[in-house]
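The values are calculated or read from the model by the stated rules, or taken from the named source; none is laboratory data. Values in this document were obtained by computation on a predicted structure and should not be read as measured data. Cβ sites come from the backbone with ideal geometry, for glycine too, and all protein chains shown count toward neighbours.
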Amino acid sequence: MIERTAHQPSFPQSILMDFRIADTFTDSLTKLSGDEQKAVKTTAFDLQMDPANPGMQFHKLDRAKDPNFWSVRVNKDVRLIVHRSGAGLLLCYAGHHDWAERRKIERHPTTGAVQLVEILEKVREIVIPKYVEAPPSVEPPKQLFLDIPEEILMEYGVPREWVSQVREATEATLFDLAEHLPNEAAEALLDLAVGETPQMPATADPFEHPDAQRRFRVIENIEELDRALEYLWEKWAVVLHPAQRHLVEKNFVGPARTYGSAGTGKTIVALHRAVQLVRTNRDARVLFATFSEALANALRARVRQLIGNGPPNRGASGSAFDDLDRQAAVRGSFRQGASRGGW
């Protein structure tokens, strides 16, 4: 990536700037050394505090297809890639190589969600004629989405430039293809491949779209940025899919059960539900029970991560069933002993 020093991008002081981080930024940060991570975090904090500071060394990226990508110098080797548009600044990547050349950020023309799109590389094959005996005819693999119209695929979040490749996908190529697509598009294709109909949420604001919220996070202050960068390796352990938020916030009448196959987020929904109940009712006492003490310990850490740096909250606790049995037995024995005049 060729960098050239350019004029500092304008940051209007009269407009409250939207400061966001992308999941690609936190992913890239985990691949750096400890010292490099510290340097990137310091630069990110400085950038949030005062992006117009002349000390911030912005460089225009000449080879980037998206003209809104800028490079910010972290140290001699590491650069922070940011995306500047309107009154918003998005931290996209931190590292050593030319990440921005192959990507662009745009609003999907059909869903309205902001996407980080991998630019499709066009390779021209040179065919050299070679006369050989024709092999026995073999039935070509079935193309999974050939009969689905382009406009329907785009409603599921497939970027326009990837529609042709998606319609040519087979069982053998689907998973490799999905790795290059935005998450909502990849998940929709996997649903379609097994005969299910994906849901299509809609909203007006590009960054408020549920699919956009999966990859871009608004950072309101230094404390939020600090917390977002602190939990780099565990960040996906507490991410709630926007489509499941109604389960967390709904007022149920009586008991409720959430069911789904492995990996669909049942535990995450329960975690967010427990925290939601405690936050909305200061007198609430919420017990999160599971089958394993190790998992119970992990869930306690996740609750602390969700609560963040706020005041300690004693309304939620996690425990394994075996431990609950022991506690109940101890408390029952104590009450029995007390009633007999012992203990």
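Applying the condition of being of a type in the set (Asp, Glu) and closer than 30 Å to LEU29 by Cα to the stretch 227-281 and asking which residue is modelled with the highest pLDDT yields GLU230.
Taking the criterion of being surrounded by 15 or more Cβ atoms within 10 Å (Cβ to Cβ) and outside any helix (DSSP H, G or I), the residues of the stretch 181-199 that qualify are LEU181, PRO182, PRO198. The set of residues in the stretch 53-87 that are under 25 Å from VAL114 (Cα atoms) and of a type in the set (A, V, I, L, M, F, W, C) comprises PHE58, LEU61, ALA64, PHE69, TRP70, VAL72, LEU80, ILE81, VAL82, ALA87.
Consider the stretch 98-124 and keep the residues that are in a loop (DSSP other than H, G, I, E, B) and free of Cβ contacts under 8 Å to residues at least 40 places away in the same chain. The one that is nearest to the chain's Cα centre (by Cα) is GLU121. At pLDDT 90 or above and polar (S, T, N, Q): which single residue out of THR30, THR24, THR5 fits that description? Selected residue: THR24, the only one of THR30, THR24, THR5 that is at pLDDT 90 or above and polar (S, T, N, Q).
Taking residues in the stretch 165-192 that are under 15 Å from MET154 (Cα atoms), and partners anywhere that are crowded, with 17+ Cβ neighbours inside 10 Å and of a type in the set (Lys, Arg), the pairs with Cβ atoms closer than 8 Å and at least 6 places apart or on different chains are PRO182/ARG215; ASN183/ARG214; ASN183/ARG215; GLU184/ARG214. Please specify each residue of the stretch 242-258 satisfying the condition of being of a type in the set (D, E, K, R) and surrounded by fewer than 10 Cβ atoms within 10 Å (Cβ to Cβ). Within the stretch 242-258, ARG257 is the sole residue that qualifies.
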